[in-house]
1. Could you run through the range 70-93 and say how many residues are within 16 Å of the ligand (Cβ to nearest atom) and among the β-branched types (V, I, T)?
2. For the structure I just gave you, tell me whether E150 is in contact with a helix residue (DSSP H, G or I) (Cβ under 8 Å, 6 or more places away or on another chain), within 25 Å of L278 (Cβ to Cβ), within 16 Å of the ligand (Cβ to nearest atom) and at pLDDT below 90.
3. What residue, of D35, D72, D52, is out of contact with any Phe, Trp or Tyr (no Cβ under 9 Å at 6 or more places or on another chain) and at pLDDT below 95?
4. Filter the range 52-72 down to the residues that are more than 21 Å from C245 (Cβ to Cβ) and touching a helix residue (DSSP H, G or I) at 6+ places or on another chain (Cβ under 9 Å) and list them by number.
5. In the set D256, D210, D299, D285, which member is acidic (D, E), more than 26 Å from E198 (Cα to Cα) and within 16 Å of the ligand (Cβ to nearest atom)?
6. Could you list all residues from the range 94-112 that are more than 10 Å from the ligand (Cβ to nearest atom), hydrophobic (A, V, I, L, M, F, W, C) and closer than 23 Å to Q145 by Cα?
7. Just checking: which of the helices (runs of 4 or more DSSP H) contained wholly in the range 253-358 hold 2 or more residues that are closer than 27 Å to C101 by Cβ and over 21 Å from the mean Cα position of the chain (by Cα)?
8. Exactly one condition in (1) in a loop (DSSP other than H, G, I, E, B); (2) away from the ligand (no atom under 16 Å from the Cβ) is not met by K187; state its number.
Amino acid sequence: MKMTFRWFGTGQDPISLGEIRQIPGVGGVVTSLLDMPAGVAWPMERIAAMKDEISAAGLEVEVIESVNIHEDIKLGADGRDEKIENYILTMERLAQIGIKCICYNFMPVLDWARSHLYYELPDGSNTMKYEAEFIQNISLEGLAQRYAKEAGDYEMPGWEPARMKTVRTALEAYEGMTEDKFYANIKYFLDAIIPHAEKLGIYMGVHPDDPPVSIFGLPKLIISRDNLRRFLDLNPSKHNGLTLCTGSLGARKGADIPAMIREFGGEGRIHFAHVRNLRFENETDFYESAHLTSCGSLDMYAIMKAFHDVDFKGCMRPDHGRMIWDETKKKGRPGYGLYDRALGAVYLQGIWEAICRN
Ligand code: DNO
């Protein structure tokens, strides 16, 4: 296991590479070119500049999160082939700087969503929260406005104001989308890109849908063990794999995350891991707690033990953290402050060391 840290890029992230380099045990970052719209081929100069900047700071570029998928591909619409070709071009260029793992998602229209970005906990820290009733009673536009207001200078990925302008049309395009059709569209994409991934030595890791429930009438299809199985079986190559996100999958009460790690990790199909905790407040609502087992509802020891038992050699990163020590808004995108994630990275490595030495 290699511990990494997500960094959104210069101008996109108030956290510096210098700060990340000082987190014990973290030698590389997970990053992206956030301004690249889905469907275009990323320019080689931009990719090379990203690599040079990160190397100059003494860090590796370990994983690209994300190369986003154009809606035409998800919908199986006319024009998907051209976007798939651009996707492959981007993969080829990323391979030139040594990238071995790409994280992406197949979430319809939106990326992840929460009701609250800065929910205050009793200790005075702020965190993200998902409250089902709140989401049921707000329109998508209302939520987008709330994010735009609350997230300060940073756009929430998947909720960019420019994207919100056409979001109704995008939502309508999903009317009548069936599960079988959606999986057929995924298969079409995978069958096109995976042979290239094999040639390039790139491992693709799909991120599960977050939250794992349907919101604003959109289907959520990659949320459970059975869905992950179905996804992997669409294309049996080892290069078609998962980003195992404990927080997204774990937001379904009762989900057995260690069992999923053992099953899919044991088959060599987990290529990247997001490891975080969350605390359920009732059957449907949760907030994102500090990483410690004692702070949330997930058993972080059991999760790390499962990764260890399947001899997980990929990259892992701490995931969303709380905003602590006065860093709210000034110091990080929602969920992506410096301090709580750094504590998470060190805590997870502590568990790992104890398991390895036992
Ligand atoms: C949220 C992230 C997601 C993730 C994408 C992967 O914090 O886990 O936005 O990066 O879904 O494509």
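The values are calculated or read from the model by the stated rules, or taken from the named source; none is laboratory data. Bear in mind the structure is a predicted one, so any value in this text is a computation, not a measurement. Note: ideal-geometry Cβ built from the backbone for every residue, glycine included; neighbour counts use all protein chains shown.
1. 2
2. In short, no.
3. On the way: D72 fails: at pLDDT below 95; D52 fails: at pLDDT below 95.
One residue alone meets the criteria, D35.
4. Of everything in the range 52-72, those that are more than 21 Å from C245 (Cβ to Cβ) and touching a helix residue (DSSP H, G or I) at 6+ places or on another chain (Cβ under 9 Å) turn out to be E53, I54, A56, A57, G58, L59, E60, H70, E71, D72.
5. Going through D256, D210, D299, D285 in turn, the sole match is D210.
6. Residue satisfying the conditions is V109 alone.
7. On the way: elements: 257-260, 300-309, 339-357.
So the answer is 300-309, 339-357.
8. Every condition holds for K187 apart from (1).
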